[in-house]
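Q: Here's a structure for you.
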Amino acid sequence: MTSVGCRSGFKVITTVSGARRLKKELTPGIVGLVPTMGALHAGHEALIEKARQDCDSVIVSVFINPLQFGQAEDFGAYPRDLEADIRAAMKAGGDAVFAPSRDEFIGGTMLTSVNVDELDKGLCGRSRPGHFKGVATIVAKLFNMLGPDKAYFGEKDWQQLQIVRRMVDDLDIDVDIVSVPTVRDSDGLAISSRNRYLSADERKAATILPKALDAMRAMVAGGETRATVLSERFEEMIATEPDVELEYFSVCRPQSLKAVDKITGDVLMAASVHVGGTRLIDNMVINA
Ligand code: AMP
């Protein structure tokens, strides 16, 4: 195990054997895991801070998971700065960073994968086939290597959160999945590692996404119950920004992700847009 330029006791682990040793060292205390792809920001920090409150020790994993990127996606361009991530993880209250290389973590070709059926079909799954299989497979590997008692996921990636919950239930993985509300910038935009791809103009235009979701919430609060009416209005609002292209808007049940026509009870409104070359997602759960 290495400990490079860190707070005393803070560990930076890059090997699978190191991860296994760490797991043994931290047991029987309550171990929290915050899985990330690095480029840590205030959203990730909220997860780490929550884990700090709940757990005796907090591990932050930093792994840009190649299995979850499509061929035409931004794997090569994805921001990488491990030193900054270590500093951010430490500052937010982490005790260790697990940052394996691709070869160390995945090795050659994997023949085994974890596929959470149905939940991966709609929303982001429609335009990103294989994405959630890549996520679930790597999250399962992390759970096996580190054996956390609790693992923290952001509500920003709502579909991912439901898929991880379902995987843990279906496979009886002994970990408590804790969700953390979406952290937003002062202009309402959900904080994302990909926001740094946006130009100043694009960034301004992108705020139509949370604004449109807020407007939908207000429409439901005002008595609107028809999903089709919300969809039409949402499309119109996004269309007011010529640089923003709507990929999908979905009104569905928060856990099953099944589309609803009539808004009653708990409902998830989720959307994805493209701003220039950048794909952004956001969502809101409402209770009608
Ligand atoms: P990523 O590094 O993008 O894979 O994200 C790692 C974790 O941080 C996931 O569980 C995300 O849902 C969560 N996350 C990312 N952005 C935010 C945010 N703005 N607010 C809360 N959680 C977030």
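The values are calculated or read from the model by the stated rules, or taken from the named source; none is laboratory data. These numbers were taken from a predicted model, which means no experiment stands behind them. A quick note on method: Cβ atoms are made from the backbone with ideal geometry, for glycine too, and the neighbour counts reach across all protein chains shown. What goes into the accessible areas is simple: the full protein's heavy atoms, side chains included, and nothing from ligands, DNA or RNA. Shrake-Rupley method; radii C 1.70, N 1.55, O 1.52, S 1.80 Å.
Q: Here is a list of conditions, (1) in a loop (DSSP other than H, G, I, E, B); (2) away from the ligand (no atom under 13 Å from the Cβ); (3) open to solvent by less than 10 Å² (accessible area, probe 1.4 Å), and residue 71 meets all of them except one; can you say which number that is?
A: Of (1) in a loop (DSSP other than H, G, I, E, B); (2) away from the ligand (no atom under 13 Å from the Cβ); (3) open to solvent by less than 10 Å² (accessible area, probe 1.4 Å), only one is false for residue 71: (3).
Q: Hey, among 76, 107, 147, which residue is modelled with pLDDT under 95, more than 15 Å from the ligand (Cβ to nearest atom) and farther than 20 Å from residue 39 by Cβ?
A: Working: 76 fails: farther than 20 Å from residue 39 by Cβ; 147 fails: modelled with pLDDT under 95.
Going through 76, 107, 147 in turn, the sole match is 107.
Q: A follow-up question, please. Considering only residues of the range 50-65 that are away from the ligand (no atom under 11 Å from the Cβ) and open to solvent by 20 Å² or more (accessible area, probe 1.4 Å), which is farthest from the chain's Cα centre (by Cα)?
A: To start, the set of residues in the range 50-65 that are away from the ligand (no atom under 11 Å from the Cβ) comprises 51-59.
Filter again for open to solvent by 20 Å² or more (accessible area, probe 1.4 Å), leaving 52-54, 56.
Numbers: 52: 19, 53: 20, 54: 20, 56: 23 Å.
Taking the candidates together, the pick is 56.
Okay, residues lined up against (1) under 20 Å from residue 284 (Cβ atoms); (2) not in a strand (DSSP E or B); (3) not hydroxyl-bearing (Ser, Thr, Tyr):
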site	(1), (2), (3)
103	no, yes, yes
113	no, yes, no
117	no, yes, yes
122	yes, yes, yes
133	no, yes, yes
141	no, yes, yes
153	yes, no, yes
157	yes, yes, yes
179	yes, no, no
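Q: When you scan the range 29-44, do you find a residue that is free of Cβ contacts under 8 Å to residues at least 60 places away in the same chain and open to solvent by 50 Å² or more (accessible area, probe 1.4 Å), even just one?
A: There is no residue in the range 29-44 that is free of Cβ contacts under 8 Å to residues at least 60 places away in the same chain and open to solvent by 50 Å² or more (accessible area, probe 1.4 Å).
Yes/no per residue for (1) within 15 Å of the ligand (Cβ to nearest atom); (2) of a type outside the set (A, V, I, L, M, F, W, C):
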residue	(1), (2)
165	yes, yes
172	no, yes
180	yes, no
194	yes, yes
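Q: Would you call residue 19 within 13 Å of the ligand (Cβ to nearest atom) and either buried (at least 18 other Cβ atoms within 10 Å of the Cβ) or modelled with pLDDT of 95 or more (or both)? Talk me through it step by step, then tell me what you get.
A: On the way: within 13 Å of the ligand (Cβ to nearest atom): no; either buried (at least 18 other Cβ atoms within 10 Å of the Cβ) or modelled with pLDDT of 95 or more (or both): yes.
Spelling it out, it is not the case that residue 19 is within 13 Å of the ligand (Cβ to nearest atom) and either buried (at least 18 other Cβ atoms within 10 Å of the Cβ) or modelled with pLDDT of 95 or more (or both).
Q: Is one or more of the residues making up the range 217-224 within 28 Å of residue 47 (Cβ to Cβ) and touching a Lys or Arg at 6+ places or on another chain (Cβ under 9 Å)? It would help to see each step written out before you state the result.
A: Filtering the range 217-224 down to residues within 28 Å of residue 47 (Cβ to Cβ) leaves 217.
From what's left, touching a Lys or Arg at 6+ places or on another chain (Cβ under 9 Å): none.
The answer is no; no qualifying residue exists.
Q: Within the range 181-196, which residues are in a loop (DSSP other than H, G, I, E, B) and either within 14 Å of residue 214 (Cβ to Cβ) or modelled with pLDDT under 95 (or both)?
A: Kept after step one, since they are in a loop (DSSP other than H, G, I, E, B), are these residues of the range 181-196: 181-183, 185-189, 191-192.
Answer for the range 181-196, where residues must be in a loop (DSSP other than H, G, I, E, B) and either within 14 Å of residue 214 (Cβ to Cβ) or modelled with pLDDT under 95 (or both): 182, 187, 188, 189.
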